[in-house]
1. Out of all the residues in the range 33-59, which are surrounded by fewer than 13 Cβ atoms within 10 Å (Cβ to Cβ) and assigned to a loop (DSSP other than H, G, I, E, B)?
2. Within the group 277, 211, which residue is modelled with pLDDT under 85 and either under 26 Å from residue 198 (Cβ atoms) or loosely packed, with under 11 Cβ neighbours inside 10 Å (or both)?
3. Take residue 92 and decide whether it is exposed (fewer than 15 other Cβ atoms within 10 Å of the Cβ) and either modelled with pLDDT of 95 or more or within 30 Å of residue 265 (Cα to Cα) (or both).
4. Would you be able to tell me the number of residues in the range 125-149 that are surrounded by fewer than 17 Cβ atoms within 10 Å (Cβ to Cβ) and in contact (Cβ under 8 Å) with a residue 40 or more places away in the chain?
5. If I filter the range 175-190 for residues that are in contact with a helix residue (DSSP H, G or I) (Cβ under 7 Å, 6 or more places away or on another chain), surrounded by 14 or more Cβ atoms within 10 Å (Cβ to Cβ) and under 14 Å from residue 267 (Cβ atoms), do I get at least one hit?
6. Do the conditions hold for residue 159, that is, is it within 14 Å of residue 98 (Cα to Cα), in contact with a strand residue (DSSP E or B) (Cβ under 6 Å, 6 or more places away or on another chain) and either at pLDDT 90 or above or surrounded by 13 or more Cβ atoms within 10 Å (Cβ to Cβ) (or both)?
């Protein structure tokens, strides 16, 4: 809510929440050399872009003056930023193709076990019909060599090649253990979607989005470690199930009008020593 629409200023509860949200972001920025002037420039760009695209007045042209009122960004900066064109960085190659390969690997009956878990795949099958890593890659794209994909996945920690020449998918796939550009891509996409869902609910724009968590305090370190393992096991089951259901929907919707929507369902687990105030906060949201 802007001060233009809320003369009393933003809600104190929102300011407190934003201060908490910003702490891990500022920690990340400082660790990677992103200074306040750099962030200020980025915020100006974002404020102007969001105001221009998401807050139009029906039947009226969006002006520099109105964007100045909505955002507090100086009119000279507004004019300059509206004239500049900022292009989004493309998806890292390892991510674009990799997501499709992993999605098929964890959903196809020929590459999963009876519990729906992805099985290790021989790098090459004895026959074209046998499940293999090379065959899996070629079923998605014939424009890239399977060995090139495998080498990149091994570099990123997405998969390993064992002594029997079998490719095993990392349990965390697809979030690379290495490769800053790839991890930064997922950081931007997943945090954006999570924040967009909860921001939608705070704006109260109708049709509340799913945004839930379970949080407890008063735990020993060993208990948190055990719960982290449980969360990974139960969470991966949920992700694998939803992946199979989504692939079925994609196939059913292929070529139909209106098939232009996307969704993102994710999981996270975070632990730390809690403050005295948080010790009473043992409940589920």
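1. Once the filter is applied, which keeps residues that are surrounded by fewer than 13 Cβ atoms within 10 Å (Cβ to Cβ) and assigned to a loop (DSSP other than H, G, I, E, B), the range 33-59 yields 33, 35, 56, 57, 58, 59.
2. None of the others qualify; the one that does is 277.
3. Numbers: exposed (fewer than 15 other Cβ atoms within 10 Å of the Cβ): no; either modelled with pLDDT of 95 or more or within 30 Å of residue 265 (Cα to Cα) (or both): yes.
In short, no.
4. Qualifying residue count for the region: 2.
5. Taking the range 175-190 first, the residues in contact with a helix residue (DSSP H, G or I) (Cβ under 7 Å, 6 or more places away or on another chain) are 175-179, 182, 185.
Next cut, surrounded by 14 or more Cβ atoms within 10 Å (Cβ to Cβ) only: 175-176, 179, 182, 185.
Applying the additional criterion that residues be under 14 Å from residue 267 (Cβ atoms) yields 175.
Within the range 175-190, one or more residues are in contact with a helix residue (DSSP H, G or I) (Cβ under 7 Å, 6 or more places away or on another chain), surrounded by 14 or more Cβ atoms within 10 Å (Cβ to Cβ) and under 14 Å from residue 267 (Cβ atoms).
6. Values: within 14 Å of residue 98 (Cα to Cα): yes; in contact with a strand residue (DSSP E or B) (Cβ under 6 Å, 6 or more places away or on another chain): yes; either at pLDDT 90 or above or surrounded by 13 or more Cβ atoms within 10 Å (Cβ to Cβ) (or both): yes.
Yes; evaluated as a whole, the condition is true for this residue.
The values are calculated or read from the model by the stated rules, or taken from the named source; none is laboratory data. Source: prediction; values computed, not measured. Every residue, glycine among them, receives a Cβ derived from its backbone with ideal geometry; neighbour counts consider all protein chains shown.
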